[in-house]
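Here the structure is laid out as structure tokens; the discussion comes afterwards.
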């Protein structure tokens, strides 16, 4: 009985033309990535409110559902039924297009993220370059939103945010070059497999300064506290999305959190061995829990997301000139010097590069 | 080789569609639309906006943008170099050293000129 059903389904599948099979197959896997991603975005917002709540000796959201678990769902439903106000002076097309411009790259970057050995949608060789390109696209959403709103607050927020994102992208790019030198590949799966062998083989040790630069730049790139002058409540109200409401605002929000998860995932892939178990070499590699697997990737990613929230709860907001000084006068010199040191070490075959 | 990039293309398209679908669903199907002049005025802390918001802004933003282009190009050059560094060895280091050296001199000049100051 079951076999006939499967055979019937297979015959329908084969009846489709080849291009449609490729399209549907890919769509299936994309949905498998995207749905958990959206759910985690929703629950990162809940985790943020809850964690910051506990850090400030409050209990955070606790009314909707048991312990507030349904809070993100309630928020999403509420935002869906809210009017999108389009200001009279705004450029309507760009105003509504900006959130789309900002969420599309935040989602599409996940196409090349490896979740486990071989679990990657597009196993492309230029993965890191693709990610760098897409994270740069995010700034268009911000600047288009600020310009199209035709409000002074939005305009100033967008200008600040664009200059900040662009400055930190240089430091971030230099940090990525360091990772490339250590791994010799742009493919994220290969970067992880180069870190095989246990905790001491992870790239965090030879690339320690670059790890700090990358993570802090990641926080600045996503406009998170303590670098959130783009939406500083006390200065420019909400920055570039001050005139957005309802679902248009929610899409910006989703993009921001998807980017946070992306930066956390990339940090765990590039510096902490992604899906590799920290007990590698110590325990039997066939062990389900202590061996390599997607759960290690998720745990490391969750840890870095927690770091984002922790930073927000701990630090006061930077002043804008301090942000620019940190990006240009501290991070860029540090990374350039470290790249030189690393290049010499690679050629001299010393330290972790000795083959 | 190139078919590896098909899922990437589909993913980008789906990302755009998801964004569009959310805006259309939230903004035009489920949500009410009751515009009025007060609601649709740009946010200005309750004041009437008395001039266009596309105002003049500080020239330093341009400066940052120009510097960014130079350094980002630099990164684009460094990417392939970093991958093959262990094959090209000392020659690679010297060549990139000269290239980076020129850039660093420019960077020091900017720094001394105060292009990076935001007082």
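The values are calculated or read from the model by the stated rules, or taken from the named source; none is laboratory data. The model shown is predicted, which means the values in this text are computed figures rather than measured ones. Don't worry about glycine lacking a Cβ; one is built from the backbone with ideal geometry, like all the others, and counts go over all protein chains shown.
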Next on the checklist: Quick check on the range A:84-96: of everything there that is at pLDDT 85 or above and more than 9 Å from every other protein chain (Cβ to nearest Cβ), which residue is farthest from residue A:262 (Cα to Cα)?
Outcome noted: A:93
Checklist entry - Do you know which of the residues in the range A:57-83 that are part of a loop (DSSP other than H, G, I, E, B), more than 10 Å from chain B (Cβ to nearest Cβ) and touching a residue at least 12 places away in the same chain (Cβ under 8 Å) is nearest to residue A:188 (Cα to Cα)? => result A:69
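Given the criteria within 8 Å of another protein chain (Cβ to nearest Cβ) and at pLDDT below 80, does residue B:20 qualify? Spell out how you get there, then give the answer.
On the way: within 8 Å of another protein chain (Cβ to nearest Cβ): yes; at pLDDT below 80: no.
When the stated conditions are applied, residue B:20 does not pass them.
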Next on the checklist: Against the conditions (1) in contact with a helix residue (DSSP H, G or I) (Cβ under 6 Å, 6 or more places away or on another chain); (2) at pLDDT 90 or above, where does residue A:50 fall short? Just the number, please.
Outcome noted: (1)
Next on the checklist: Tell me yes or no: at least one residue of the range A:319-341 is closer than 23 Å to residue A:162 by Cα, assigned to a loop (DSSP other than H, G, I, E, B) and either within 11 Å of another protein chain (Cβ to nearest Cβ) or in contact (Cβ under 8 Å) with a residue 60 or more places away in the chain (or both).
Outcome noted: yes
Checklist outcome for this item: When residue A:121 is run through (1) surrounded by fewer than 21 Cβ atoms within 10 Å (Cβ to Cβ); (2) assigned to a loop (DSSP other than H, G, I, E, B); (3) within 8 Å of chain B (Cβ to nearest Cβ), the failure sits at (1)
Next on the checklist: So if I check each of A:103, A:86, which one is part of a loop (DSSP other than H, G, I, E, B), surrounded by 20 or more Cβ atoms within 10 Å (Cβ to Cβ) and in contact with a helix residue (DSSP H, G or I) (Cβ under 9 Å, 6 or more places away or on another chain)?
Outcome noted: A:86
Checklist outcome for this item: Apart from one, (1) within 15 Å of residue A:44 (Cα to Cα); (2) touching a residue at least 60 places away in the same chain (Cβ under 8 Å) all hold for residue A:301; the odd one out is (2)
Checklist entry - Would you say residue A:246 is more than 14 Å from every other protein chain (Cβ to nearest Cβ), buried (at least 19 other Cβ atoms within 10 Å of the Cβ), modelled with pLDDT of 80 or more and at positive phi? => result no
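Going through the range A:138-150 one residue at a time, which ones are surrounded by fewer than 24 Cβ atoms within 10 Å (Cβ to Cβ) and over 22 Å from the mean Cα position of the chain (by Cα)? Break it down stepwise before answering.
First, pick out the residues of the range A:138-150 that are surrounded by fewer than 24 Cβ atoms within 10 Å (Cβ to Cβ): A:139-140, A:143-144, A:147, A:150.
Residues satisfying the conditions are A:147, A:150.
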Item to check | Matching residues in the range A:148-181 - criterion: being closer than 18 Å to residue B:84 by Cα and more than 9 Å from chain B (Cβ to nearest Cβ) | outcome: A:175
Checklist entry - In the range A:69-82, how many are buried (at least 17 other Cβ atoms within 10 Å of the Cβ) and over 25 Å from the mean Cα position of the chain (by Cα)? => result 1
